[in-house]
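The values are calculated or read from the model by the stated rules, or taken from the named source; none is laboratory data. Computed from a predicted structure; not experimentally measured. Here the Cβ positions follow ideal geometry from the backbone for every residue, glycine too, while neighbour counts run over all protein chains shown. SASA here: full protein model, heavy atoms, side chains in, ligands and nucleic acids out. Shrake-Rupley method; radii C 1.70, N 1.55, O 1.52, S 1.80 Å.
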Amino acid sequence: MTASYRIIDYSLRPAKFAERKMLSEIFSRLKVFASLESYRYIGFGSIWFSDCILFHKALGVEDVISIEKEQAHKARFEFNKPYKGIRLMMGSAADVLPGLDWAHRSIVWLDYDDPLNPGILDDVRTVATRATSGTVLAVSVQAEGLVDKRPHLEEPLEITSAQGFRDCFGDARTPQDLEPAGLRGWSLSKTSRRIIRDEIDAGLHSVNAGRNPGQVLRFNQISAFEYADGAKMTTIVGVFVDHGQNGHFEAAGFRTLPFFRDGDEALRVKVPMLTPREMRHLDRSLPCNDSGQLDLGPIPEADGKHYAKLYRYLPNFASFEQ
Amino acid sequence: MPNEELHIDAMPTKAFFVDMLVRDIPLERAVLDLVDNCIDGAKRMRPGEEPDFHGLNVSVHLDGDGFEIADNCGGFDVETARNYAFRFGRPEKAASTDYSIGQFGVGMKRALFKFGRYFEVHSTTTKQRWSMHVDVDTWERDEGNWYFDFANVEEGQFADAEVGTRIIVKRLRPEVSRQFASEHFKRQLSEMIRSHQRQFLAFGLAIDFGGLHLTNTDLRIRSGGQFNPAIEEFAVDDDTDAPVNVRIVAGISESSPTAAGWYVICNGRVILSADRSESTGWNSVAEQKDGIPKYHNQYARFRGAVFFSCRDSKKLPWNTTKTGLDASTTVWQLTFPKMLDHTRTVINFLNALDNSIEEYGAKASPLLVALNKETLAKEVEKFRGPASFSWNRTPQVPGPKTIKIQYSREETKIQSLMTALGVTSAKAVGEKTFDIIFEEQGGEDQ
């Protein structure tokens, strides 16, 4: 399989860009738990290191770990590493994650290019069973379609039924009410998030049994995104909070974020197709809490509204202007 | 109503009590309990999480006529004998040994009653020497008297060479006598002592079994070059004065179907060895549950060890007899999911190794060659963490990386291509046709 960084230039994916900015805004509110500088960021920086750069610059996080499994191109990753402070750890997430020091509060973004598979859920569980209160976990997966790639199969098998899912993921990870409809289109994105969320809860459940009531951890979902720059992608993000620190969570003000989502629904990030001139026109009536007040001019209403919702997080298109 | 009429006599007869006490314990276990008592003595003499036991020894001798165990591990004084050691059940205020492995006040008596109808205990500390002899038949007949009597008690200054405890049992029960006389039983028992007490042997304790010096079993993990085992360390209850320290080491060793699996060690005592059952995550009912497949000999290189240590032995994940795992304990529940992660990581590597061996053959597999060349076996106790599992992902391959292609076509068609291409095997047809189409599509230049 060709590594995804050889196909996609991450910096040119506008919805992903917006998602990264929104995640950054979420992470910036973690300061109620501890100073952001004391947090550690763990991600998959690829050769672009966009996430590592943003969170270092915007949040001041100094301890940055980028996990990279493409051992053969190690030199290229080292070459592209923008800051000395970024630690490149070669290996799969499954190898690297369990060996990290989890007593440290961390911002963890498991940003996969692949659709959900049992290995991803294992990684999620690794984090859920080790995280301390104040650690935040974001998981992104592709949501075009699930594929069973178990080694004994002659070729990968598309998963289109509950039985197919069960065969690949096992009984314990298969939702009771899984329907074929939940495995296609945008519904798969919802299903994927729900299964990730269940995995986190199952991991927490197994370790909470051994904790004092005050130390019992919950995973408080903060947001969920879905978008399609090319392939459909989805992300779920939340923070581990122990009973004693629930007040911190409430004080952080996550609930007031326009993209706060703690249920099954996600914010669909749709980058509006607008010209730079149109965007500048809209900017003049922003911010605007009541979208009826937006001075649209000739701009289609749906696009204008999308823009008003996302403008703070969109990449700057000015350079494309003639 | 007079007082005695309000009481119903529930006092057990001694014979019944003794019979109940010894019924549920296997004979091997009872011997191990006595060895544990010696080791607890050693721990009192040389406290600490990783003590030096050099110079301390335990010797065990058994045959069809009797049983004897002797140690030089400090002995116990009259006070302890009188108030604690021979009481049934451990009194609340009994002093406990830090990091102890002995059981809660039943081990020694139970073993003695289990073996035979007569026993002697002799113990010498630096200040006291005492002994006792018990004829169980006589003691049982004297209902109502639950005392044992000292044969003699001496105060004084005793030399280090004299300090220790010696226990002798005679008039063995017939079934015990038969077992103790059996060479097979003795071999099994010596192996059990060796594997259960391996860490104390590693600390320097000498255990002599029927004249044979026991050595610690080999639990080694390979490391070196780019290969490293996963090491995870954490503490439970670390805000108390008796935290449980946990260290997990998981990696690879020689391919050995009998030694592969998880080892669980509580305060130095091995309570599970080479475990590949559901207790340690293997062999799950649902094939994919938790991502760990059923154990298969392909995983015969897997070795994992979990060390638990705590000065308060009640907090450790063992059952009340300290002989097996209690999976319902807090500490185990916090540790188990972490073990699963490490198992999965090592299994992923072993699958890659298996593929490499299948692809290139055992002699030429770049991964196996790198593993053998770069690594050395090291005792599992020596690893300190934390560290991620790692392995050489880019071992030197003879020439560029290759991938095997496998497919089937009608036999007659393959034969006609064999003729056309002038080759003599189906494999050669495949290779030749690949080369032809590759050149046709532009060869190396594409």
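The rows are residues; the columns are (1) within 30 Å of A:Gly203 (Cα to Cα); (2) crowded, with 17+ Cβ neighbours inside 10 Å; (3) within 13 Å of chain A (Cβ to nearest Cβ); (4) in contact with a Lys or Arg (Cβ under 8 Å, 6 or more places away or on another chain).
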{"position": "B:Asn355", "(1), (2), (3), (4)": "no, no, yes, no"}
{"position": "B:Lys363", "(1), (2), (3), (4)": "no, no, no, no"}
{"position": "B:Ala370", "(1), (2), (3), (4)": "no, yes, yes, no"}
{"position": "B:Lys373", "(1), (2), (3), (4)": "no, no, no, no"}
{"position": "B:Glu381", "(1), (2), (3), (4)": "yes, yes, no, no"}
{"position": "B:Ala387", "(1), (2), (3), (4)": "yes, yes, yes, no"}
{"position": "B:Ser390", "(1), (2), (3), (4)": "yes, yes, yes, no"}
{"position": "B:Gln396", "(1), (2), (3), (4)": "no, no, yes, no"}
{"position": "B:Ile403", "(1), (2), (3), (4)": "no, no, yes, no"}
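Among residues of the stretch B:145-160 that are open to solvent by 50 Å² or more (accessible area, probe 1.4 Å) and in a helix (DSSP H, G or I), those with a beta-carbon under 9 Å from a residue that is modelled with pLDDT of 85 or more and among the polar types (S, T, N, Q) at least six positions away or on a different chain give the pairs B:Asp160/B:Asn72; B:Asp160/B:Thr126. Of the helices (runs of 4 or more DSSP H) entirely within the stretch A:25-108, those holding at least 1 residues that are under 30 Å from A:Arg255 (Cβ atoms) and open to solvent by less than 10 Å² (accessible area, probe 1.4 Å) occupy A:50-59. When A:Leu274 is tested against the conditions (1) over 30 Å from A:Arg193 (Cα atoms); (2) among the hydrophobic types (A, V, I, L, M, F, W, C); (3) modelled with pLDDT of 90 or more, the lone failure is (3).
For every residue, the table says whether it meets (1) under 16 Å from A:Pro14 (Cβ atoms); (2) of a type in the set (Asp, Glu).
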site: A:Gly230; (1), (2): yes, no
site: A:Gly238; (1), (2): no, no
site: A:His248; (1), (2): no, no
site: A:Leu257; (1), (2): no, no
site: A:Asp264; (1), (2): no, yes
site: A:Met273; (1), (2): yes, no
site: A:Asp290; (1), (2): no, yes
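If I filter the stretch B:281-304 for residues that are within 19 Å of B:Ser390 (Cα to Cα), away from every other protein chain (no Cβ under 14 Å) and assigned to a strand (DSSP E or B), do I get at least one hit? Yes, that holds for at least one residue. Report whether or not B:Thr335 is buried (at least 21 other Cβ atoms within 10 Å of the Cβ) and more than 10 Å from chain A (Cβ to nearest Cβ). Judged against the criteria, B:Thr335 is not a match. Among the residues making up the stretch A:147-170, a single one is touching a Phe, Trp or Tyr at 6+ places or on another chain (Cβ under 9 Å) and within 19 Å of B:Pro293 (Cα to Cα): A:Asp148.
The condition of being basic (Lys, Arg), touching a strand residue (DSSP E or B) at 6+ places or on another chain (Cβ under 7 Å), closer than 29 Å to B:Asp238 by Cα and away from every other protein chain (no Cβ under 14 Å) holds for A:Arg218.
When the stretch A:202-230 is filtered for residues that are touching a helix residue (DSSP H, G or I) at 6+ places or on another chain (Cβ under 8 Å), in a helix (DSSP H, G or I) and open to solvent by 10 Å² or more (accessible area, probe 1.4 Å), the ones remaining, listed by number, are A:Ala202, A:Ser206, A:Pro213, A:Gly214, A:Gln215. Looking at B:Ser195, B:Ser190, just one residue is open to solvent by less than 50 Å² (accessible area, probe 1.4 Å), within 17 Å of B:Asp71 (Cα to Cα), modelled with pLDDT under 90 and part of a helix (DSSP H, G or I), and that residue is B:Ser190.
A:Val237 falls short on exactly one of the conditions (1) within 14 Å of another protein chain (Cβ to nearest Cβ); (2) surrounded by 14 or more Cβ atoms within 10 Å (Cβ to Cβ), and that condition is (1). Residue by residue through the stretch A:165-197, note down the ones that are closer than 24 Å to A:Ala266 by Cβ and within 14 Å of chain B (Cβ to nearest Cβ). Across the stretch A:165-197, the qualifying residues are A:Phe165, A:Cys168, A:Phe169, A:Arg173, A:Thr174, A:Ile195. For B:Leu340, the conditions (1) farther than 15 Å from B:Phe227 by Cβ; (2) crowded, with 19+ Cβ neighbours inside 10 Å; (3) more than 9 Å from chain A (Cβ to nearest Cβ) are fulfilled apart from (3).
Count of the stretch B:313-355 residues, restricted to those that are touching a residue at least 40 places away in the same chain (Cβ under 8 Å) and polar (S, T, N, Q), is 9.
State yes or no: is B:Thr402 in contact with a helix residue (DSSP H, G or I) (Cβ under 8 Å, 6 or more places away or on another chain), modelled with pLDDT under 90 and over 20 Å from B:Gly225 (Cβ atoms)?
Yes: the conditions hold for B:Thr402.
Going through (1) in contact with a strand residue (DSSP E or B) (Cβ under 7 Å, 6 or more places away or on another chain); (2) over 22 Å from B:Asp40 (Cβ atoms); (3) polar (S, T, N, Q) one by one, B:Gln188 falls short only on (1).
Of all residues in the stretch A:84-100, at least one satisfies being touching a residue at least 40 places away in the same chain (Cβ under 8 Å), more than 9 Å from every other protein chain (Cβ to nearest Cβ) and over 23 Å from B:Pro395 (Cα atoms). When restricted to residues that are in contact (Cβ under 8 Å) with a residue 60 or more places away in the chain and either open to solvent by less than 10 Å² (accessible area, probe 1.4 Å) or within 8 Å of another protein chain (Cβ to nearest Cβ) (or both), the stretch A:141-150 contains 2. Of all residue pairs spaced 6 or more apart or on separate chains, those with beta-carbon atoms under 6 Å, a first member in the stretch B:118-142 that is surrounded by fewer than 19 Cβ atoms within 10 Å (Cβ to Cβ) and a second member that is polar (S, T, N, Q) are B:His122/B:Ser131; B:Ser131/B:Asn152. If you go through the stretch B:53-67 and pick out every residue that is part of a loop (DSSP other than H, G, I, E, B), more than 14 Å from B:Leu112 (Cα to Cα) and small (Gly, Ala, Ser), you end up with 2.
A count restricted to the stretch A:287-303 and to residues that are under 20 Å from A:Phe17 (Cβ atoms) and open to solvent by less than 30 Å² (accessible area, probe 1.4 Å) stands at 0. Kindly evaluate A:Ala138 against the criterion of being in a loop (DSSP other than H, G, I, E, B), within 20 Å of A:Ser92 (Cβ to Cβ), open to solvent by less than 20 Å² (accessible area, probe 1.4 Å) and touching a residue at least 12 places away in the same chain (Cβ under 8 Å). Against the criterion (in a loop (DSSP other than H, G, I, E, B), within 20 Å of A:Ser92 (Cβ to Cβ), open to solvent by less than 20 Å² (accessible area, probe 1.4 Å) and touching a residue at least 12 places away in the same chain (Cβ under 8 Å)), A:Ala138 does not qualify.
Among the residues of the stretch B:214-227, the one identified as buried (at least 21 other Cβ atoms within 10 Å of the Cβ) and either in a loop (DSSP other than H, G, I, E, B) or at the interface with another protein chain (Cβ under 9 Å from one of its Cβ atoms) (or both) is B:Leu219. Can you tell me which residues in the stretch B:60-92 are farther than 19 Å from B:Ser131 by Cβ and at pLDDT below 90? Answer for the stretch B:60-92, where residues must be farther than 19 Å from B:Ser131 by Cβ and at pLDDT below 90: B:Phe88, B:Gly89, B:Arg90, B:Pro91, B:Glu92. Inside the stretch A:107-132, can you point out the residues that are farther than 20 Å from A:Ala231 by Cβ and away from chain B (no Cβ under 14 Å)? Within the stretch A:107-132, A:Ile107, A:Val108 qualify.
Looking across the stretch B:316-332 at every residue that is facing chain A (nearest Cβ under 10 Å) and over 17 Å from B:Ser277 (Cβ atoms), the one that is farthest from the chain's Cα centre (by Cα) is identified as B:Thr330.
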